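Participant: Input: one structure, supplied below.
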Amino acid sequence: MESERVGEVIEASTSGFSAQCYELYQIPPLGSLVKSGDSAAIYGIVANAATTSLEPGRKPIARGQDEKDEAAIYRSSPQLAKLLRSQFEAVVVGHREGDRLYQRLSPHPARIHGFVYRCPDAEVAEFGKAFDFLSILLNARLAVPAEELVGAALRRMSRAHPDPRAFLVAAGKELAGLLSDDFARLKNILGRIKS
């Protein structure tokens, strides 16, 4: 299966990137594995998302009081699709150099206007063969709690694995090692990785 292009990088650093979606509300779900670039791909986990006005100081206003459903709002005001944008932030968790996949920060940030793709299941399964990315997620400064992001990422990755339960058990063991001194946090995450 080919990767689905969802947007473009609009801001980037070595630890993460922001992407604007081409279609309003077509944001990859929290915890999804995405990539920017091709042969030298940079992998990220979707860590936060928002739909906002294109103009920073201008907030959307309620328009649906007399409409039958939400879709009617966009039919009666088609310009809204051009005045709003959906975007997401991704935490960099790995990169590819040639045939080798590394679960660590990339030496270079993603390129501005670089295309961003949802990774197909085969690529998600390949990425999920190791759990080195978990320490990056656990230590990242995020807009959402790291426990929520780790849980979402592992649930999503388990769906691409041939044996989802075995994948989650292995991930739980890795987390137990990483969080051996923080039982409350470990228990919190383990409660969130249940499908």
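Just so it is clear, none of the values below were taken in a lab; they were calculated from the coordinates. On a predicted model such as this, the values are computed, not experimentally measured, just so you know. When we count neighbours, we look across all protein chains shown, and the Cβ atoms used for this are built from the backbone with ideal geometry, even at glycine.
To keep it simple, each residue is scored yes or no on (1) surrounded by fewer than 19 Cβ atoms within 10 Å (Cβ to Cβ); (2) within 16 Å of the chain's Cα centre (by Cα).
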position	(1), (2)
92	no, yes
99	yes, no
102	yes, no
113	yes, no
120	yes, yes
126	yes, no
133	no, yes
141	yes, yes
145	yes, yes
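Participant: Take segment 15-40 and flag every residue that is within 17 Å of residue 51 (Cβ to Cβ) and either without any contact (Cβ under 8 Å) to a residue 40 or more places away in the chain or assigned to a loop (DSSP other than H, G, I, E, B) (or both).
Facilitator: Across segment 15-40, the qualifying residues are 22, 23, 24, 25, 26, 27, 28, 29, 30, 32.
Participant: Being surrounded by fewer than 18 Cβ atoms within 10 Å (Cβ to Cβ) and out of contact with any Lys or Arg (no Cβ under 8 Å at 6 or more places or on another chain) is the filter here, so list the residues in segment 147-169 that pass it.
Facilitator: 159, 162, 163, 164, 165, 166, 169, listed by residue number.
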